[in-house]
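A short write-up of the structure that comes next.
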Amino acid sequence: MGLNREDKAAVIAEISEVVSNSSAMVIAEYRGLTVQAVTKLRAEARKNGVTLRVVKNTLVRRAVEGTGFAGLADQFAGPLVYGFSADPVAVAKVLVNFAKDNEKLVVKGGAMANYVMDVEAVKQLASMPSRDELLAKLMATMNEPIAKFVRTINEVPARFVRTVAAVRDAKEQAAA
């Protein structure tokens with residue numbers, strides 16, 4: 001059963017909201033995927049903060065009009081799953097990694113703020129470290145000088161204690 005005009009407007013508004021909060025969009029054809037595979041894909045997407053939607057292509061085309069993703073609209077054909085995320089690497093990683101294990105999911109393309117990506121660009125984006133990985137590396141880099149300083153400061157009293165213990169041991173041996 002088709003959607004009536006109000007339902008279509010609600011879907012367009014919902015997709016427009018998701019698009020406005022996203023920095024990247026990746027599309028993939030899901031023809032032939034089993035329900036188990038789609039459930040697994042959705043769980044993986046949820047875990048990584050990616051929104052996956054299966055919506056009529058015409059409704060998504062209307063939702064992305066006037067946005068940075070409008071250039072991707074000419075690729076909206078066939079049974080597509082739309083992935084949206086604030087972290088551009090996350091959405092690409094989820095769909096590309098899932099496509100490696102499931103040959104029936106075929107990544108078709110993607111877009112980031114006025115830049116339409118082909119399949120190779122999406123795969124390159126997926127190979128980059130995610131935002132969380134980059135933040136962890138940055139924090140480790142920032143933390144290392146402080147940790148080294150603390151170890152250096154700690155070494156002074158530790159060396160003093162070892163020296164006192166060595167003097168004590170030497171006195172005990174001399175007395176024995």
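At-a-glance table
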read-out	value
Test: residue in region 22-32 that is modelled with pLDDT under 90, in a loop (DSSP other than H, G, I, E, B) and open to solvent by less than 20 Å² (accessible area, probe 1.4 Å)	no
Search result, residues across region 39-56 that are charged (D, E, K, R) and assigned to a loop (DSSP other than H, G, I, E, B)	K56
Helices (runs of 4 or more DSSP H) completely within region 57-176 that count 2 or more residues being surrounded by fewer than 18 Cβ atoms within 10 Å (Cβ to Cβ) and outside the structural domain of K47 (by the TED database)	131-175
Boolean, Q36 is within 26 Å of L3 (Cβ to Cβ), among the polar types (S, T, N, Q) and open to solvent by 30 Å² or more (accessible area, probe 1.4 Å)	no
Candidates A166, A147, A92, A70, filtered to the one that is small (G, A, S) and touching a helix residue (DSSP H, G or I) at 6+ places or on another chain (Cβ under 7 Å)	A92
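The values are calculated or read from the model by the stated rules, or taken from the named source; none is laboratory data. Please read these numbers as outputs of a predicted model, since none were measured by experiment. So basically every Cβ, Gly included, is an ideal-geometry build from the backbone, and we count neighbours across all protein chains shown. Surface areas here come from the heavy atoms of the whole protein model, side chains and all, with no ligands, DNA or RNA. Shrake-Rupley method; radii C 1.70, N 1.55, O 1.52, S 1.80 Å.
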